[in-house]
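Have a look at the structure below before the remarks.
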6 protein chains.
Amino acid sequence: MGFIPIVIVYMWSGLSLEAKQKIVDGITKVFEDLRIPKEAVEIVIIETPKENWGVGGELASVKFKQIKPP
Amino acid sequence: MGFIPIVIVYMWSGLSLEAKQKIVDGITKVFEDLRIPKEAVEIVIIETPKENWGVGGELASVKFKQIKPP
Amino acid sequence: MGFIPIVIVYMWSGLSLEAKQKIVDGITKVFEDLRIPKEAVEIVIIETPKENWGVGGELASVKFKQIKPP
Amino acid sequence: MGFIPIVIVYMWSGLSLEAKQKIVDGITKVFEDLRIPKEAVEIVIIETPKENWGVGGELASVKFKQIKPP
Amino acid sequence: MGFIPIVIVYMWSGLSLEAKQKIVDGITKVFEDLRIPKEAVEIVIIETPKENWGVGGELASVKFKQIKPP
Amino acid sequence: MGFIPIVIVYMWSGLSLEAKQKIVDGITKVFEDLRIPKEAVEIVIIETPKENWGVGGELASVKFKQIKPP
């Protein structure tokens, strides 16, 4: 082993299990392509409610009212 | 656009929506004052329970039992 | 005071209060042993569900189905 | 004291000392406006080179070649 | 736009520009595959020296002396 | 293995190698005492210059001019 990337992903709450699996899958492969063994890759997804996000000075719960997480 | 600050704010759980709005508002303005366009500023508020905070070796849930978030 | 370490601990959800106390206690002492006053040490424990962790390309909720947090 | 926000700010490398002071100043005031004593506010600015940022799939060092930090 | 993942990647210092580009590229695509527009994806790579990593109680600079970043 | 804590430690720049070793050593033991195998514990120390820290609205480089890291 050796090289050990840690990846913290911040997203809105409400991800489906399938989306989480795809994120973990996909990001792990990015590092495998760099010849880092997949056992070495750790990923943590931090979900926080939309109203805890600010973009352009607005809460995401207001600005992106209609949009749902994948 | 271009310069893109990311701001992660860790606080105790229980913030009011108004407090969140003020945090997002205020922090965004700090960067606007530095001539960074507000669209470029992203803020995430991570709320964790008081008992997940340690200050001076004590859990905040014990040390600051009486204190409530804004 | 002066030197102020901030420690963010990412773990699976479900820690007992006792485990949290031990983590805060123990980590604070590590810095006291470096002559940093304990008042200066801040620790935040971020708990996220097992299914938000990826290790070796698998969700921890699948890979470590049997394992429970302390 | 009691309520202790921790704020991590990620920005490009190359901030002037004046900009850092303004960021610390401004963000601290945001929390003072929420009646959190300023002693309780801790801010860390993490500067990373432009080429360590990806926006829209491009490195910021390419996408925003002309833009300088404040 | 709307859904805005922030991804913080912690790695050892010494990544080549090519590796950084591949990381940004690859991770952005993971989210595009979830129908998140690529403009919405922000990635920051935090490089820290090997001697700032601890794995299994050992500094990575000792444990993985021979291993180089991609 | 299974339970995998990730610990991010933010400190001022200038830690001695000995201090880093003690931090890694000590924090790893905290989790071993919770029966988490030490191989599972990952620690990253992020050092940033004193002038990138704000405490009580002041830069640490001003407020704690005399103080040196361990």
With one decimal in nm and the nearest listed first, the spacings from E:Glu18 to its own position in the other copies, using label points 7 Å along Cα-to-Cβ, are 3.7, 4.2, 4.2, 5.4, 5.8
For segment E:8-16, in residue order, the Karplus 3J(HN,Hα) values (coefficients 6.51, -1.76, 1.60; θ = phi - 60°; whole Hz; Gly and Pro = x) are 10, 10, 9, 9, 5, 5, x, 4, 6
Per DSSP, the loop-located trypsin sites (Lys or Arg not before Pro) within segment E:10-54 having at most 16 other beta carbons within 10 Å are E:Arg35
Checked the protein assembly as shown with the C-alpha gyration tensor, a ≥ b ≥ c its square-rooted eigenvalues, rounded below a/c of 1.5, otherwise prolate if a/b is larger than b/c and oblate if not; verdict rounded
So, in nm and shortest first, the distances from E:Val62 to its counterparts in the other copies, with label points 7 Å along Cα→Cβ, work out as 3.2, 3.7, 4.1, 4.1, 5.3
Note: probe point = Cα of E:Leu17 + 7 Å toward Cβ; backbone nitrogen < 20 Å; residues of segment B:1-33 passing the test are B:3
Counting only DSSP beta bridges fully inside chain B, the antiparallel percentage to nearest 5 is 20 percent
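Mean residue ellipticity at 222 nm from the helices of chain B, using -39,500 (n - 2.57) per DSSP H segment of n ≥ 4 over the full residue count, to the nearest 500 deg cm²/dmol? Don't skip to the end; give the middle numbers.
Working: 2 runs with 20 residues, N = 70.
Calculated mean residue ellipticity at 222 nm is -8500 deg cm²/dmol.
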One residue of chain C has its C-beta nearest the axis rotating C onto A; that residue and its distance in whole Å are C:Ile46, 4
Shielding of D:32-40 by other chains, given as the mean Cβ count within 10 Å, works out to 4
The lysines whose Cα lies under 22 Å from the Cα of D:Lys22, excluding any fewer than 8 residues away in the same chain, are B:Lys20, B:Lys22, B:Lys29, B:Lys38, D:Lys38, D:Lys50, D:Lys68, F:Lys50, F:Lys63, F:Lys65
Listed residues E:Val30, E:Val41, E:Val55; largest mean-square fluctuation, Gaussian network over chain E with Cα springs below 10 Å, found at E:Val55
The answer for B:Ile4, listing residues at least 5 apart or on another chain whose modeled amide H is closer than 5 Å to its amide H, is D:Trp12
The set of residues whose placed amide H lies less than 5 Å from the amide H of E:Gly56, leaving out same-chain residues fewer than 5 positions away, is F:Val41
Mean-square fluctuation maximum in Gaussian network of chain E, Cα pairs under 10 Å, restricted to E:Leu17, E:Leu59, E:Leu34, hits E:Leu34
Partner shielding of A:11-21, as the mean number of partner chain Cβ atoms within 10 Å, equals 4
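Do you know the relative contact order of segment E:10-63, to the nearest whole percent, from alpha carbon pairs under 8 angstrom that are 6+ apart?
Numbers: 40 pairs, mean separation 21.4, N = 54.
With pairs under 8 Å counted, the relative contact order is 40 percent.
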Long-range amide H partners of B:Leu34, meaning residues 5 or more apart or on another chain whose placed amide H is closer than 5 Å, are none
Distances in nm between the label point of E:Glu39 (7 Å along Cα→Cβ) and its equivalents in the other copies, shortest first, are 0.7, 4.4, 4.7, 4.7, 5.0
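No value in this document is a laboratory result; all are computed from the given coordinates. Bear in mind the structure is a predicted one, so any value in this text is a computation, not a measurement. Note that we place each Cβ from the backbone using ideal geometry, even for glycine, and neighbour counts take in every protein chain shown.
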